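A quick write-up on the structure given underneath.
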């Protein structure tokens, strides 16, 4: 039944585009188009009902009581990730789904229909099921429908039935699982020029589309896009990939993007347990984030109490707190304190933790000099002399003489000439080797 509804919705989008084109050319009146679209829009109430149920389930989690907007937004987006199962799709598999549906060849401002968006999501979730065990398979049609409806509600506010390809890449790349640095590296390829420098206008579009994600979970007032804030992100000119990563992954970063690293950290600490008691709710152990006061002695709070502003004793919300994503035993803490007292531990910063990438895009490999080996044919279990050709060709191309010839060759015409000479030499060497092997076998036979 789900497949029938999805196909009907896809057919509705195609018919709508055809009707619009016919109306523009004068072949179809507006009344005729309205009559034809009555049956087509029958699936819209179902999509709205599905989206309404998703939002009501999110409100039932009571995230609005979190007083810190950064964590409140991250919790809501994490809930969307889990409900749509986008958290199970890796960023590289999501990029591969983009490529399989030719989204990488489209202009960033190109709008795609809901049918094409559905095809992208169907590819991503179908490939996900191929990697999951049989007991953990996801419902592909349900995930596709739910994700598509939520994305359209976030980016298609005028209900046109179309969405920009760039917005799809931004949203799905950040909602997929994986390292934040990998997601941002992919984003930089979308907003940079061939020389490896960021284009400011494209970054503005990226920031605008990225901040539509908090707005889709009713946090648009906390993280609002503004042109003034966009201009203050980067001081360097031109902006390279390392400059982009250092700014986007800084902790604390820009106010409009503080939720982004929090969302990434949240996915890594969900299964972390700290054997420490929470001073506010008195839980025996803390799951997820742990917050330790820098002022009060051995004062720890769980994430639920810290996010909601709960305290106890002499502790106040004005005290400086440190976020912990893992637990360190007392002996390790003592050793770390001793080393720190002797200044043996250098100060760590986000810039030192980030990997360094080349500022300019790496050139693709030139494979014009590679000679494909001759296929090996086997008759009656024995290889023919053509196998000797392939062996001699590979040996010839791995020799120092061949590598020196490759370095000296600069033009395409010279490469073709050297290529032909290599083939002639390889055939001649193979023929000599074959004759020598034949002579040796004959002598051994008569001996």
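The values are calculated or read from the model by the stated rules, or taken from the named source; none is laboratory data. Since the model is a prediction, treat every value here as computed from it, not as a measurement. Quick reminder, even Gly has a Cβ in these numbers, built from the backbone with ideal geometry, and neighbours come from all protein chains shown.
Numerical summary
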quantity: Selection within segment 252-269 - closer than 19 Å to residue 290 by Cβ, within 20 Å of the chain's Cα centre (by Cα) and either without any contact (Cβ under 8 Å) to a residue 60 or more places away in the chain or loosely packed, with under 12 Cβ neighbours inside 10 Å (or both); calculated: 268, 269
quantity: Test result for residue 274, out of contact with any helix residue (DSSP H, G or I) (no Cβ under 9 Å at 6 or more places or on another chain), at pLDDT below 90 and farther than 18 Å from residue 70 by Cα; calculated: no
quantity: Sole exception among (1) farther than 23 Å from residue 209 by Cα; (2) touching a residue at least 24 places away in the same chain (Cβ under 8 Å) for residue 288, by number; calculated: (2)
quantity: 2 or more residues loosely packed, with under 14 Cβ neighbours inside 10 Å: qualifying helices (runs of 4 or more DSSP H) within segment 62-141; calculated: 91-100, 114-131
quantity: Residue check for residue 224: assigned to a loop (DSSP other than H, G, I, E, B), modelled with pLDDT under 90 and outside the structural domain of residue 59 (by TED's automatic domain parsing); calculated: no
quantity: Qualifying residue in segment 41-51 (condition: at pLDDT 90 or above, touching a helix residue (DSSP H, G or I) at 6+ places or on another chain (Cβ under 9 Å), buried (at least 18 other Cβ atoms within 10 Å of the Cβ) and assigned by TED's automatic domain parsing to the domain that holds residue 161); calculated: no
quantity: Failed item, numbered, when residue 174 is tested on (1) under 20 Å from residue 100 (Cα atoms); (2) surrounded by fewer than 18 Cβ atoms within 10 Å (Cβ to Cβ); calculated: (2)
quantity: Where a residue in segment 129-146 is more than 12 Å from residue 83 (Cα to Cα) and its partner, wherever it lies, is outside any helix (DSSP H, G or I), with Cβ under 8 Å and at least six apart; calculated: 129/137; 129/138; 132/138
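This table checks each residue for (1) over 30 Å from residue 69 (Cα atoms); (2) modelled with pLDDT under 60.
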{"residue": "296", "(1), (2)": "no, no"}
{"residue": "311", "(1), (2)": "no, no"}
{"residue": "314", "(1), (2)": "no, no"}
{"residue": "323", "(1), (2)": "no, no"}
{"residue": "328", "(1), (2)": "no, no"}
{"residue": "336", "(1), (2)": "yes, yes"}
{"residue": "348", "(1), (2)": "no, yes"}
{"residue": "354", "(1), (2)": "no, no"}
